[in-house]
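So the structure is just underneath, and the comments pick up after that.
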Amino acid sequence: MLDYIIVGAGLSGITVAEELLCRGKTVQVYEDSSQSSSTVAGGIYNPVILKRFTLAWNAGEQLEISIPFYRKLEKKLGVQLIFELPVYRKFNSVEEQNNWFTAMDKPGLSRFLDSKLETSVNDCIPSRFSFGKVRSTGRVDTAVLLESYRKFLISIDSLVSESFVHSKLDIREDHVDYNGEKAKNIVFCEGFGIKDNPLFNFLPFHGNKGEYLIVKAKDLQLKEAVKSSVFILPQGNNIYKIGATYDNVDKTRDHTQKARETLLSQLKKMITCDFEVVGQVAGIRPATIDRKPVIGKHPLYSSVYCCNGFGSRGVLIAPVMAKQLVAYLEEQLPLDPETNINRFNKTT
Ligand SMILES: Cc1cc2nc3c(=O)[nH]c(=O)nc-3n(C[C@H](O)[C@H](O)[C@H](O)COP(=O)(O)OP(=O)(O)OC[C@H]3O[C@@H](n4cnc5c(N)ncnc54)[C@H](O)[C@@H]3O)c2cc1C
C-alpha cells in the first residue's frame, strides 16, 4: 500500500511530495497540466504589499522557512532556482513617498523597507518622485522548479501524467482505492482545479485570473524588478514579464486581448524605450474568500486532505503550508486555526 496519493504537481503538490519523501513516505503524484498558475507565475518573493505598503501575511516567518527549502531543492535537483532580484517601487506622488516613510515605523516592516530613496533606477524608467527599495526579495524560477521536480518524480517512478478522475476514487475507512492502487491517504493539491473536485468544491474559492505580457526590450537593460501600476520582471536575454493582471470574473485559461491592451497601455506609461511583444501567458490564482490558505482534513473522511488557497503568494506560502500539513499528518501536530480547513466546515 502506498502512503500517499497526491493530486497536482504545482507548487503545492511538489512541496507536499518533498516533505513526505524526506520522511521516507511513498507517494504517487497525478498531474494533467489542466492548471498553469505555478508554471506562469513571476516567481517573485517579496514580503511587502506594494500597493498599500503593508507586511504580507506571515511573510517574515515564510521567508525563513521557504528560502532554505528552495536552496535545499537546488542541491537535490542540480538546478538554480533562486535568483537575487532587488524590487523597487516607483512613487507616483509625494504622498506615496510619505506613506513609505510612515510604513517604515510599523512593526515588522522597517527591516524590509530601505530608508534611502533612489532618484533613478534605470534610464528608461523616469520618475519625478524617486523609488523605494524593498529588502529580502528575489525570484524563484517556478517553471524550472516544476520541470525538474517532475523529472525527479519520474525517476523514482512516482509521477502519473494523467488526470485524476474523482468518480473513480473509493474512500474506505482507513485507506483509499484508486485505479487498483491503495493508499493510506490522499492529498488534493489542485490549485483552482479544486472547483471540479466534488469532495472539496464546497470551499469558498473564487480564483483570480492573472496574465503577463512577455516583451523583448533591448535598450531597457534592467536588472531589477520595478513596480508601478504593473511589475516589470527581468527574465534575462532582454526578455521581461509585464504584469500581472487581476481578474475575478473571467475563469477561462486563455490569455485575452483585454489584458494585452491594459498591460500595453500601462507599460507605455512606464518606460521610454522601444519594445516588442513576444508572448502572453495566463493562469488562475487559487484564491479564497478570506485570502488565506486552506489545509487539512476533509470534514467526513479521515484519509482525505487538501493543501490549497495560496492566492498570489504561492512561492513563499507553499513550503510553509506543506511543512505544517505533513507535521499534522505524520505527527498529529495541530494546524493553525487561520489556515485550517475546518474554519469552513460550518458552512457545508
Ligand atoms: C500570472 C500569475 C502570476 C503570479 N506571480 C506570482 C509571483 O510572482 N509570486 C508568487 O508567490 N505567486 C505568484 N502567483 C501565484 C502562484 O502561482 C500560486 O499561488 C501557486 O502557483 C499555486 O500553486 P498550486 O500548486 O496550489 O496550484 P497550481 O499551480 O494551479 O497547481 C495545481 C496543479 O494540479 C493539477 N491538477 C488539477 N486538477 C487535476 C486533476 N484532476 N488531475 C491531475 N492534475 C490536476 C494542475 O494541472 C496543476 O499543475 C502568480 C499567479 C499567476 C496566475
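Every number in this text was worked out from the coordinates using simple rules, so none of it is lab data. Everything quoted here is computed from the prediction, not taken from an experiment. Here the Cβ is made from the backbone with ideal geometry for all residues, glycine too, and neighbour counts use every protein chain on show.
Taking the options Asn99, Asn92, name whichever one is farther than 26 Å from Glu147 by Cα and either in contact with a Ser or Thr (Cβ under 6 Å, 6 or more places away or on another chain) or in a helix (DSSP H, G or I) (or both). Please lay out each step first, then the result.
Numbers: Asn92 fails: either in contact with a Ser or Thr (Cβ under 6 Å, 6 or more places away or on another chain) or in a helix (DSSP H, G or I) (or both).
Of Asn99, Asn92, the one residue that is farther than 26 Å from Glu147 by Cα and either in contact with a Ser or Thr (Cβ under 6 Å, 6 or more places away or on another chain) or in a helix (DSSP H, G or I) (or both) is Asn99.
Looking at the range 285-331, which of its residues are β-branched (Val, Ile, Thr), in contact (Cβ under 8 Å) with a residue 60 or more places away in the chain and either within 14 Å of the ligand (Cβ to nearest atom) or out of contact with any helix residue (DSSP H, G or I) (no Cβ under 8 Å at 6 or more places or on another chain) (or both)? Don't jump to the end; show me each part of the working.
Applying the first criterion (β-branched (Val, Ile, Thr)) to the range 285-331 yields 288-289, 294-295, 304, 315, 317, 320, 326.
So of that shortlist, the ones also in contact (Cβ under 8 Å) with a residue 60 or more places away in the chain come out as 288-289, 294, 304, 315, 317, 320, 326.
Matches in the range 285-331: Thr288, Ile289, Val294, Val304, Val315, Ile317, Val320.
When Glu64 is tested against (1) more than 15 Å from the ligand (Cβ to nearest atom); (2) in a strand (DSSP E or B), exactly one condition is not met: (2). Close contacts from the range 10-21, counting a first residue that is in contact (Cβ under 8 Å) with a residue 60 or more places away in the chain and of a type in the set (Asp, Glu) and a second that is within 13 Å of the ligand (Cβ to nearest atom) and part of a helix (DSSP H, G or I), with Cβ to Cβ under 8 Å and a gap of 6+ residues or different chains, come to Glu18/Tyr149; Glu18/Ala322; Glu19/Ala322; Glu19/Leu325. For the range 161-172, the criterion of being in contact (Cβ under 8 Å) with a residue 24 or more places away in the chain, more than 8 Å from the ligand (Cβ to nearest atom) and within 30 Å of Lys75 (Cβ to Cβ) is satisfied by at least one residue. The set of residues in the range 16-48 being more than 11 Å from the ligand (Cβ to nearest atom), out of contact with any strand residue (DSSP E or B) (no Cβ under 7 Å at 6 or more places or on another chain) and in a loop (DSSP other than H, G, I, E, B) consists of Arg23, Gly24. Considering the range 3-15, the residues that are crowded, with 19+ Cβ neighbours inside 10 Å and assigned to a strand (DSSP E or B) include one that is farthest from the ligand (Cβ to nearest atom), namely Tyr4.
For the range 75-99, give me each residue that is over 26 Å from Leu50 (Cβ atoms) and surrounded by fewer than 16 Cβ atoms within 10 Å (Cβ to Cβ).
Within the range 75-99, the subset over 26 Å from Leu50 (Cβ atoms) is 75-79.
If the condition is that a residue be over 26 Å from Leu50 (Cβ atoms) and surrounded by fewer than 16 Cβ atoms within 10 Å (Cβ to Cβ), then Lys75, Lys76, Gly78, Val79 are the ones that fit.
Being surrounded by 22 or more Cβ atoms within 10 Å (Cβ to Cβ) and within 24 Å of Leu325 (Cα to Cα) is not true of Ala56.
Could you list, in sequence order, the residues of the range 154-171 that are surrounded by fewer than 15 Cβ atoms within 10 Å (Cβ to Cβ), closer than 15 Å to Tyr4 by Cβ and not β-branched (Val, Ile, Thr)? Step through it out loud before you land on a result.
Going through the range 154-171, the residues surrounded by fewer than 15 Cβ atoms within 10 Å (Cβ to Cβ) turn out to be 154-157, 161-163, 165, 167-168, 170.
Right, trim to closer than 15 Å to Tyr4 by Cβ and you get 156-157.
Asp157, the sole residue that qualifies.
Ser229 meets the conditions (1) under 16 Å from Lys268 (Cα atoms); (2) among the small types (Gly, Ala, Ser); (3) touching a residue at least 60 places away in the same chain (Cβ under 8 Å) in every case but one. The failed one is (3).
Cβ separations smaller than 7 Å between residues 6+ apart or across chains give the following pairs from the range 128-155 residues that are closer than 12 Å to Ala9 by Cα to residues that are part of a helix (DSSP H, G or I) and small (Gly, Ala, Ser): Thr142/Ser38; Leu146/Ser38; Leu153/Ala17.
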